[in-house]
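Heads up, the thing below is written out as C-alpha cells.
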Amino acid sequence: EQHGPMGLLGTDWLCPEIIAHAAEKEGDILVAPTFNIGMAQHHLGFSGTISLRPSTFMAAIEDWVRSLARHGFDRIYFLNGHGGNVATIEAAFSQIYSSYSYAAEPCPFVLRLKNWWDLPGISRLAARLYPNGHGSHATPSEIAVTFTAYPDHVKSAAMEPQIAPNGPIRDALDYRYRFPDGRIGSDSSLATIEQGKELIAASVKGLIDDLQKFDAE
C-alpha cells in the first residue's frame, strides 16, 4: 500500500525482504518467497492498494505453513513489515495450533512472528536517528531502508504538515480523511541512505540473534 509522498508502494514487504536476504548471507537461514499482499483495507482510498480480507489472509497463511511443514520444515519464522498484518497472522497461528490440540496430536512445527522494527536494538536506533517525526506509517526508518536497497528510486517531496498527524485506524474513507497524504505521525523527509545502511545492519544482527533464540526454544 501507499507510503506517503516519498515511499514505495511495496515498502512494507520490501523492508523485511531486504533484511532477510542480507541476513541469509551471514547466517544459517533459508528465506522463503515474500508474502507481499496482506491486510491493507484501510489504505484502499489510495490508488494501487491491494488488500485481502482477514479470512482470506488467514487461509493463505495456514496453507503457506502447512505446505512448508509437509516438506519437513519445523521452524517457520515470519518477519513482518506491516502492522496491519499482526492480528490476523496471530489469529492464523492460533487456528493452526488449535487443529492439533483438538485432534490430541503434537504439532510438528513451531511458528514465530516478529516485526522487523521490534528486532533487538531497532527501536532504540530509530529513536536516536529520529527523535522527532518517526511516527508509525511512512516512517523515515522504513523509507531509509528501501532507499538504501533501491537508490535509483530515491525521491523528495514537500511535507505538509512537516510531521503528519496521529489518530486511529479504521476504514479506508476515514483513513484518507484523517491522513490525506498517507503518513501517520511521520516526517518521511528525514530518511537518508546512510541511515538505511545502519538500520539494515542492526536489523540483520537482531534477526540472526532472534532466530538463534527461536531455534533453541
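The values are calculated or read from the model by the stated rules, or taken from the named source; none is laboratory data. Values in this document were obtained by computation on a predicted structure and should not be read as measured data. Reconstructed Cβ throughout: ideal geometry from the backbone, glycine too, with neighbour counts over all protein chains shown.
Does any residue in region 123-138 that is more than 15 Å from C15 (Cβ to Cβ) and part of a loop (DSSP other than H, G, I, E, B) come within less than 7 Å, Cβ to Cβ, of a residue that is of a type in the set (D, E) and at pLDDT 95 or above six or more places away or on a different chain, and which pairs are these?
From region 123-138, the pairs are G133/D187.
In the set E17, E1, E26, which member is part of a loop (DSSP other than H, G, I, E, B), surrounded by 15 or more Cβ atoms within 10 Å (Cβ to Cβ) and touching a residue at least 12 places away in the same chain (Cβ under 8 Å)?
Working: E17 fails: part of a loop (DSSP other than H, G, I, E, B); E26 fails: surrounded by 15 or more Cβ atoms within 10 Å (Cβ to Cβ).
Result of the check over E17, E1, E26: E1.
For the list (1) in a helix (DSSP H, G or I); (2) buried (at least 18 other Cβ atoms within 10 Å of the Cβ); (3) not basic (K, R), I need the number of the one condition that S186 fails.
Condition not satisfied by S186: (1).
If G133 satisfies all but one of (1) exposed (fewer than 13 other Cβ atoms within 10 Å of the Cβ); (2) among the small types (G, A, S); (3) on the phi > 0 side of the Ramachandran plot, what's the number of the condition it fails?
Every listed condition holds for G133 apart from (1).
Answer with yes or no whether F78 is of a type outside the set (S, T, N, Q), touching a Leu at 6+ places or on another chain (Cβ under 7 Å) and either within 29 Å of P168 (Cα to Cα) or at pLDDT 95 or above (or both). Spell out how you get there, then give the answer.
Values: of a type outside the set (S, T, N, Q): yes; touching a Leu at 6+ places or on another chain (Cβ under 7 Å): yes; either within 29 Å of P168 (Cα to Cα) or at pLDDT 95 or above (or both): yes.
It is true that F78 is of a type outside the set (S, T, N, Q), touching a Leu at 6+ places or on another chain (Cβ under 7 Å) and either within 29 Å of P168 (Cα to Cα) or at pLDDT 95 or above (or both).
Within region 172-217, can you find the residues that are closer than 21 Å to L129 by Cβ and of a type in the set (S, T, Y)?
S186, S188, S189, T192, S203
Could you go through region 14-28 and let me know if any residue there is in contact with an Asp or Glu (Cβ under 8 Å, 6 or more places away or on another chain) and within 23 Å of S141 (Cα to Cα). Talk me through it step by step, then tell me what you get.
Our first condition is that a residue be in contact with an Asp or Glu (Cβ under 8 Å, 6 or more places away or on another chain); within region 14-28, this holds for 15.
Imposing the further condition that a residue be within 23 Å of S141 (Cα to Cα) reduces the set to 15.
Yes; the residues of region 14-28 include at least one that is in contact with an Asp or Glu (Cβ under 8 Å, 6 or more places away or on another chain) and within 23 Å of S141 (Cα to Cα).
For P106, which of the numbered conditions (1) without any contact (Cβ under 8 Å) to a residue 24 or more places away in the chain; (2) touching a strand residue (DSSP E or B) at 6+ places or on another chain (Cβ under 9 Å) fails to hold?
Looking at each condition in turn, P106 falls short on (2).
For the list (1) out of contact with any His (no Cβ under 9 Å at 6 or more places or on another chain); (2) farther than 24 Å from E90 by Cα; (3) β-branched (V, I, T), I need the number of the one condition that V204 fails.
Here V204 meets the rest and fails (2).
Which condition from (1) of a type in the set (S, T, Y); (2) without any contact (Cβ under 8 Å) to a residue 40 or more places away in the chain; (3) part of a loop (DSSP other than H, G, I, E, B) is the one that T56 breaks?
Just one mismatch for T56, condition (3).
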